[in-house]
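Worksheet: the structure to be examined is printed underneath.
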Amino acid sequence: MMIDDHWLGAARRVVSPNANARPQGEISAVVLHGISLPPGEFGGDAIERLFTNSLDPNAHPFFNAIASLRVSAHLLIRRDGECVQFVSFDRRAWHAGKSQWHDGERLRAGLNDFTIGIELEGDDETPYREAQYRALADVLRALMQHYPLIRAPRIMGHAHIAPRRKTDPGPAFDWRYLHRCLTEIV
Ligand SMILES: [Zn+2]
């Protein structure tokens, strides 16, 4: 997978306005998320609409509460493995919210500053699909090659960095399988 000017060549591009400059320019870790809109339903364009501030608050009872959020992620990996990129990797996407993480000895907050946010279309209980693990492993390999500060131990879940607020990507996400995919020679 090629990365050209901080955009993934293989991804469909849907530009989100919900992004700004990274304060230190650092790109050194990845946060994995799970999302489905409405919750538990897959397919449709609601995630892309949420990230582009065009979600109709009346289209579903759940949307009213979230339509005015200003959020984004760098990438969304859909159930069939399709990648959609919303924010270029050198910009700060708004996916982690209030968050903290032990980076070695240092307790760091505000993980949006230095992470790449990847949403997997799914929920906490439904197994993620093989096509998603394959696409995610391809993306992560490309990111680690392109941004050498990113290494496998610096790939975390949203639940790891905001444990009181967030559970995603949830118990359905198989971290061991991801790491097996990552080390496979393909
Ligand atoms: Zn999340």
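The values are calculated or read from the model by the stated rules, or taken from the named source; none is laboratory data. Being a predicted model, the structure only gives us computed values, none of them experimental. A quick note on method: Cβ atoms are made from the backbone with ideal geometry, for glycine too, and the neighbour counts reach across all protein chains shown.
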message = Please go through the stretch 87-100 and give me each residue that is within 14 Å of the ligand (Cβ to nearest atom) and buried (at least 20 other Cβ atoms within 10 Å of the Cβ), ordered by number.
response = A93, H95, A96, S99
task = Enumerate the pairs (first residue in the stretch 87-113 and at positive phi; second residue anywhere and within 16 Å of the ligand (Cβ to nearest atom) and assigned to a strand (DSSP E or B)) with beta-carbon separation below 9 Å, excluding pairs fewer than 6 apart on the same chain, so at least 6 apart or on different chains.
result = G110/Q100
ask   = Can you pull out the residues in the stretch 1-18 that are modelled with pLDDT of 95 or more and either touching a helix residue (DSSP H, G or I) at 6+ places or on another chain (Cβ under 6 Å) or within 16 Å of the ligand (Cβ to nearest atom) (or both)?
value = I3, V14, S16, N18
query = Would the stretch 14-24 turn up any residue that is over 26 Å from H160 (Cα atoms) and touching a strand residue (DSSP E or B) at 6+ places or on another chain (Cβ under 8 Å)?
reply = yes
task = Only residues that are out of contact with any helix residue (DSSP H, G or I) (no Cβ under 8 Å at 6 or more places or on another chain) and in contact (Cβ under 8 Å) with a residue 60 or more places away in the chain: list them for the stretch 158-171, please.
result = H158, A162, R165
message = Any residue at all in the stretch 151-167 that's more than 14 Å from the chain's Cα centre (by Cα) and within 18 Å of I3 (Cα to Cα)?
response = yes
